[in-house]
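Chemist: The structure's right below; bear with me while I get my questions together.
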Amino acid sequence: MAMSGMRGLSVFISDIRNCQNKEQERLRVDKELGNIRTRFKNEKALTPYEKKKYVWKMLYIYMLGYDVDFGHMEAVSLISAPKYPEKQVGYIVTSSLLNENHDFLRLAINTVRNDIIGRNETFQCLALTMVGNIGGREFAESLAPDVQKLLLSSSCRPLVRKKAALCLLRLYRKNPDVVNVDGWADRMAQLLDERDLGVLTSSMSLLVALVSNQHEAYWSCLPKCVKILERLARNQDIPQEYTYYGIPSPWLQVKTMRALQYFPTIEDPNTRRSLFEVLQRILMGTDVVKNVNKNNASHAVLFEALALVMHLDAEKEMMSQCVALLGKFIAVREPNIRYLGLENMTRMLMVTDVQDIIKRHQAQIITSLKDPDISIRRRALDLLYGMCDVSNAKDIVEELLQYLSTAEFAMREELSLKAAILAEKFAPDLSWYVDVILQLIDKAGDFVSDDIWFRVVQFVTNNEDLQPYAATKAREYLDKPAIHETMVKVSAYLLGEFGHLLGRRPGCSSKEIFNIIHEKLPTVSTATISILLSTYAKILMHCQPPDPELQSQIWAIFKKYESSIEVEIQQRAVEYFALSRKGAALMDILAEMPKFPERQSVLIKKAEDTEVDTAEPSAIKLRAQQQSQTSNALVVTDKSHANGAPLPVGQLSLVKMPSMSSNVDDITADPRLSQENGTLNEVDSPLPSADLLGDLLGPLAIEGPPSSSAHPQPSSNPGMEGAAVEATAIVPAGQQANTVQPIGNIAERFHALCVKDSGVLYEDPYIQIGIKAEWRAHHGHLVLFLGNKNTAPLMSVQALILPPTHLKIVLSLVPDTIPPRAQVQCPLEVTNLHPSRDVAVLDFSYKFGNDMINVKLRLPAVLNKFLQPITVSTEEFFPQWRSLPGPPLKLQEVVRGVRPLPLLEMANLFNSFHLIVCPGLDPNPNNLCASTTFYSESTRAMLCLVRIETDPADRTQLRMTVASGDPTLTFEMKEFIKEQLVNIPPASRVPPMQAAPMSPVAQPASAPPPAALNDPGAVLAALL
Amino acid sequence: MIRFILLQNRQGKTRLAKYYVPLEDSEKHKVEYEVHRLVVNRDPKYTNFVEFRTHKVIYRRYAGLFFSLCVDITDNELAYLECIHLFVEILDHFFSNVCELDLVFNFHKVYLILDEFILAGELQETSKKAIIERMGELEKLE
């Protein structure tokens, strides 16, 4: 047994090991911590050796799980020790004790940088290792160029370069801009020529991260990856030390194939052929061997090859080989291979149409659902979920339900969610759907989320044919001796609404229904009591002719709960009691709930939203997103939504009593709906503020503060460039208050500039910042005009651009000083890399006298600037429209809370954003079709089509469909248009609307001051 | 990428913990506790993979020690499983017939070896020879 070189440390570790129990151990640790603390207090008296020893002890104690809340400084300070042994301890312990968010780490940046750029190779390695393991954004910004240099240096040993490659990878993950330098792709390609396999392995990891975010720049790496793979697969020129159980570095093979999965296709026929040869060899040549390590390694390569074949959508023959292999794997006994077989079959479903072949294995997969190992069961569940369609839904859901009774708790929630979704998506008939959900609640009530029973209520409410059936089922379940509370809720709700439909059946009279529900009341929680009270009120209402005995019974209950400590129950009791004495009026008030508006299933959304946290986006997901079809989910029919609107206000206000609307809350899970109905106050639409607009949009020139300006700027002044100086109205700035207030509304100015290409971005008593822009394809050329309005110079002028990731912005040098009454121009080059609605921010500051003024301004380099109008004829529009089949390339959404606009106004609004409305394209006069071309580096020129279907009866809602050849673009465009429709910027030239009832969703967004708060860009600007 | 690496014995004592993502101390303790519970009772006939929160843990047991790697859900399981074995082979070579006590008394050496093997949550060097030679160089500097 090797002993550590430090006696004190070994003795301490032995002491800890000799402790009889946890208590003794804690005492020993406390004693040691006390000792270390005292020694650290008198740091000067410590020898480097002692310091090192104590820091190691601290790490050991920390590793045992004790809090070590001091000594971090000492660990960090060892980093700057001159000798290797102390420095090494400093680096290692620091990277274990601290994380990237720790303040102390910042203190070390300089030392770390000196070690990286210094000549001591060992120090370089230590520094690169620490930065690679715990470096954060700050490290990325200050060290990336130095790390790049080391990676590319021909004088460094491979030892340093492989560390530099991974260190750079870390920095890139923290801030992708660090390798956004011209020519990096070429260097990356050169790195792939590396002969040292350690450097190559590290570089390949770096490449995977780079191509996963943006493959276009790295095309030149593709053939090189194929070459590397060939070399490895053929075992050509691979040093013995890089083979693992006879297999040339399986890890490098896997990484290389991973990188290749991020390129959408391989165009060059030769490269493609070579790659397929290699893949074929891997698929055919991987045999099962006795040695487990060799087996694992060769199958690691095989599974990666399978993934790559799936990605390349290889010829049918190769794909069927893959399916055959996977079919074999899911039947083997070796658990790891079976697990991976199931997992990869699920992945395969996402990319190609192999459903029918996989269905043949259904029985085999179901056996895995009963495997003792939860990991395997989970994969089987995923696969069954993925392969389910109308033809096998009944079988699969039955299996899931059966399994639910025996499944462990860890899986029940997921299982019931998946069963509920499948039942909803593939129900051959709706009664089956109701059966499944009620069974789910019955078997695993604790794991059935509210969303699931809300959804079944929605279906039943919206499908009249289903109502008697659902009520019968609910009634049957109530007969069971012990039922889950969720079952009480759903049954009570259904029977309250639809119980009267069962009128003549045995055991279904109002009185009997009431009795059986009321039996459950003593055992349920307060939330359920509220539902029961509503049910009683409904039963009472439906009981015709009235049954005096039942009435007095229910009234007695209402009376009893009038003094409930729960406000909700109390309120319901009081109100129902009062209402039920109104006789006929009760009928109107407690009428059946209106149908639910059509909306995406919350469940499916939930399932789709489960976030996966991975360092690189999944290649399969990226691909699958492009191929997935429209969800087949049942659509909740929506016949009566319009009925809701024309009800007289008097009646509405009754229906919207708090008790009832909270009832709505209970069952919809979407607070918007109830609020929409619940708010009746009318909201004045904002008027565009006076004539500010005219000023804003007028020609750009420097003006004095409007309050004191003696010579207002003539609006006909043509001077963008030359007229600046003589046009200045001079006003002594001395009298101004110390706090500098902007002139005009910054948000309004920004919105105006979103549709105009020149105007004032910002103005205060000292400075005016104007902007003029020219846009061509995905490039923008902007000029900032910084005009000093005063007779004194503006000092310490600083402009900093904070670009979002999708924009590359280069700002030319901004002078430190702007002379009195002068205007300087600063050109700004913008490149749009990919579609996004994020906004760039200009962080601008200057000094006037003793005042330091700093403003954050959004730059109008917004999505619509990269649109170019294009008119499309009917012959062109529809084939394009149809060729984009569904999500994620074509997205549809029902938008509510839209500012009601006449169609013509809406068309103008669209045109102002370069979304050109093609009149007459859509035969329905209530619809609009628009088209545009979007430009970015990643998408190039891409056609984008939009269709808006409005509802003439309700102008506050519309259905919008957006389609383009790029999923991100489609999504961003959809969100962009939605923002424009819901929150019409005050600066666009929309005439004031007549006051219209607004939904509360739109309400805050349309009033000017909150608009700024709701606008994420503004919030960002305020935060920065 | 590898999120973290844990070496734990059957009782749940941590023998090495390396995090490549920033976690608070309390979160680290929780993670160590949960991962131990997750792997310790699994039957040896089960898979070496188990879901952990939004990631998965690839683990392997050597005598009384569990080596666990937490990786992304999309990562290649078998490649990481063999990565554990390669690490064990390196330790075995370095300590010549490694046992738990070697790792306890020389935990600082284990950290050093790991830093030559994995960096930034990615595999850095797969040559046992290269790593052992490098350790020799470093020992001379001590």
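Chemist: For the interface of chains A and B, what total accessible area is buried with a 1.4 Å probe, rounded to the nearest 100 Å²?
Modeler: 6700
Chemist: Residues with beta-carbon under 11 Å from that of A:M6, excluding A:M6: net charge, scoring Lys, Arg +1 and Asp, Glu -1?
Modeler: So the environment of A:M6 carries a net charge of +2.
Chemist: Among the listed pairs A:K149/A:K621; A:K443/A:K511; A:K605/A:K974, give every one whose C-alpha distance is greater than 26 Å.
Modeler: Going by Cα-Cα distance, A:K149/A:K621; A:K443/A:K511 fall outside the 26 Å limit.
Chemist: Placing +1 on the Cβ of each Lys and Arg and -1 on the Cβ of each Asp and Glu in chain B, which of B:N106, B:G136, B:N9 has its Cα farthest towards the positive end of the resulting dipole?
Modeler: Farthest along the dipole direction, towards plus: B:N9.
Chemist: Another question, if that's okay. Under 12 Å Cα-Cα from A:K163, which aspartates and glutamates qualify once same-chain neighbours fewer than 8 residues away are excluded?
Modeler: Answer for A:K163, where 12 Å is the Cα cut-off: A:E121, B:D115, B:E116, B:E122, B:E125, listed by chain and number.
Chemist: Please figure out what share of the DSSP beta bridges in the protein assembly as shown is antiparallel and state it in percent, rounded to the nearest 5.
Modeler: Rounded to the nearest five, the antiparallel share is 100 percent.
Chemist: Check B:R15: other-chain or 5+ apart residues with amide H under 5 Å from its amide H, H built from backbone geometry?
Modeler: Here B:L7, B:Q8, B:N9 satisfy the definition.
Chemist: If you build the Cα gyration tensor of segment A:165-268 and take the root of 5 times each eigenvalue, what three semi-axes come out, in whole angstrom, biggest first?
Modeler: One finds semi-axes of 23, 15, 11 Å for segment A:165-268.
Chemist: Each residue of segment A:352-359 in order: what ³J(HN,Hα) in whole Hz does its phi give by Karplus 6.51 cos²θ - 1.76 cosθ + 1.60, θ = phi - 60°, with x for Gly and Pro?
Modeler: With the stated coefficients, segment A:352-359 comes to 9, 8, 10, 3, 5, 5, 5, 4 Hz.
Chemist: Tally up the carbon and sulfur contribution to the accessible surface of segment A:479-600 as a whole percent, 1.4 Å probe, everything protein left in place.
Modeler: On segment A:479-600, the fraction of accessible area on carbon and sulfur atoms equals 57 percent.
Chemist: Could you tell me the extents of segment B:53-110's C-alpha atoms along the three principal axes, largest first, rounded to whole Å?
Modeler: If we take the Cα atoms of segment B:53-110, the spans are 35, 20, 19 Å.
Chemist: For segment B:40-86, max minus min Cα coordinate along each principal axis, in Å, sorted largest first?
Modeler: For segment B:40-86, the Cα spread along each principal axis is 28, 23, 16 Å.
Chemist: Semi-axes of the equivalent ellipsoid for segment A:108-176, please: Cα gyration tensor eigenvalues, times 5, square-rooted, ordered largest first, whole Å.
Modeler: They are 17, 13, 10 Å, listed from largest to smallest.
Chemist: Which of the residue pairs A:K865/B:K56; A:K756/A:K890; A:K57/A:K290 have a Cα-Cα distance greater than 32 Å in the structure shown?
Modeler: A:K865/B:K56; A:K57/A:K290
Chemist: Next question. Roughly how large, in nm² to one decimal, is the mean projection of the convex hull of the alpha-carbon atoms in segment A:316-387?
Modeler: Quarter of the Cα hull surface area: 4.1 nm².
Chemist: Still on this model: Counting only protein heavy atoms, probe 1.4 Å: which residues of segment B:67-95 lose 20 Å² or more of accessible surface in the full assembly compared with their chain by itself?
Modeler: Flagged in segment B:67-95: B:D72, B:I73, B:T74, B:N76, B:E77, B:L78, B:A79, B:E82, B:H85, B:L86, B:E89.
Chemist: Count the net charge of all other residues whose Cβ sits under 15 Å from the Cβ of A:P546, scoring Lys and Arg as +1 and Asp and Glu as -1.
Modeler: Local net charge: +2.
Chemist: Another question, then. Leaving out ligands and nucleic acids, note down the accessible area per residue over segment A:319-374 with a 1.4 angstrom probe, in whole Å².
Modeler: Value for segment A:319-374: 40 Å² per residue.
Chemist: Can you order the peptides A:955-968, B:31-44 by their average number of other Cβ atoms within 10 Å per residue, highest first?
Modeler: Ranked by mean Cβ neighbours within 10 Å, highest first: A:955-968, B:31-44.
Chemist: Please report, to two decimal places, log10 I(q)/I(0) for the protein assembly as shown at q = 0.04, 0.07, 0.08, 0.09 Å⁻¹ as given by the Debye formula with identical point scatterers on the Cα atoms and no solvent.
Modeler: Log-scaled intensity ratios, in q order: -0.28, -0.89, -1.12, -1.31.
Chemist: Taking the alpha-carbon distance from A:K789 and a cut-off under 15 Å, which aspartates and glutamates remain once sequence neighbours fewer than 8 residues away in the same chain are dropped?
Modeler: A:E703, A:E726, A:E763, A:D764
Chemist: Residues of segment A:304-342 that become at least 20 Å² less accessible with every protein chain present than in their own chain isolated, using 1.4 Å: which are they?
Modeler: Buried by the other chains: A:P335, A:N336, A:Y339, A:L340.
Chemist: Taking a probe of 1.4 angstrom, what is the accessible area of A:D115 in Å², to the nearest 10?
Modeler: We get 20 Å² for A:D115.
Chemist: Taking Cα centroids, how far is segment A:918-980 from segment A:491-524 in Å?
Modeler: Cα centres, segment A:918-980 to segment A:491-524: 49 Å.
Chemist: With the crude spin-label approximation of a point 7 Å out along Cα→Cβ, what separation in nm comes out for A:A941 versus A:V612?
Modeler: 3.6
Chemist: In addition: Post the alpha-carbon centroid distance, segment B:61-95 to segment A:234-249, in whole angstrom.
Modeler: 20
Chemist: Could you give me the ³J(HN,Hα) list for segment A:562-567, computed from phi with Karplus coefficients 6.51, -1.76, 1.60 and θ = phi - 60°, whole Hz, x at Gly and Pro?
Modeler: Here the 3J(HN,Hα) series is 4, 9, 4, 6, 7, 4 Hz.
Chemist: Counting residues in segment A:479-600 as N, plug N into 2.2 N^0.38 Å and put the Cα Rg over that result.
Modeler: Relative to the rule-of-thumb radius for its length, segment A:479-600 sits at 1.04.
Chemist: Net charge near A:D287, counting Lys/Arg +1 and Asp/Glu -1 over other residues with Cβ under 14 Å of its Cβ?
Modeler: With Lys, Arg at +1 and Asp, Glu at -1, the net is +3.
Chemist: Also: Are there any residues in segment A:1-50 with a reduction of at least 30 Å² in accessible surface when going from the isolated chain to the assembly of protein chains? Probe 1.4 Å, please list them by number.
Modeler: Buried-area filter returns A:M1, A:A2, A:S4, A:I13, A:R17.
Chemist: Binning at 10 angstrom from zero up to the longest distance, how are the C-alpha pair distances of segment B:1-110 distributed in percent?
Modeler: Percent of Cα pairs in each bin: 14, 49, 33, 4.
Chemist: Which value results when the Cα radius of gyration for segment A:1-97 is divided by 2.2 N^0.38 Å?
Modeler: Cα Rg divided by the expected 2.2 N^0.38 Å: 1.05.
Chemist: Tabulate in residue order the Karplus-calculated ³J(HN,Hα) for segment A:205-221, using 6.51 cos²θ - 1.76 cosθ + 1.60 with θ = phi - 60°, rounded to whole Hz; enter x for Gly and Pro.
Modeler: 4, 4, 4, 4, 5, 5, 5, 5, 8, 6, 7, 4, 5, 10, 3, 5, 7
Chemist: Non-local amide H neighbours of B:I73 (under 5 Å, H modeled in plane, Pro and chain starts lacking H): which ones?
Modeler: B:K56
The values are calculated or read from the model by the stated rules, or taken from the named source; none is laboratory data. Just so it is clear, the structure is predicted and the values come from calculations on it, not from any experiment. Reconstructed Cβ throughout: ideal geometry from the backbone, glycine too, with neighbour counts over all protein chains shown. These area figures cover heavy atoms from the full protein model, side chains too; ligands, DNA and RNA do not enter into them. Shrake-Rupley method; radii C 1.70, N 1.55, O 1.52, S 1.80 Å.
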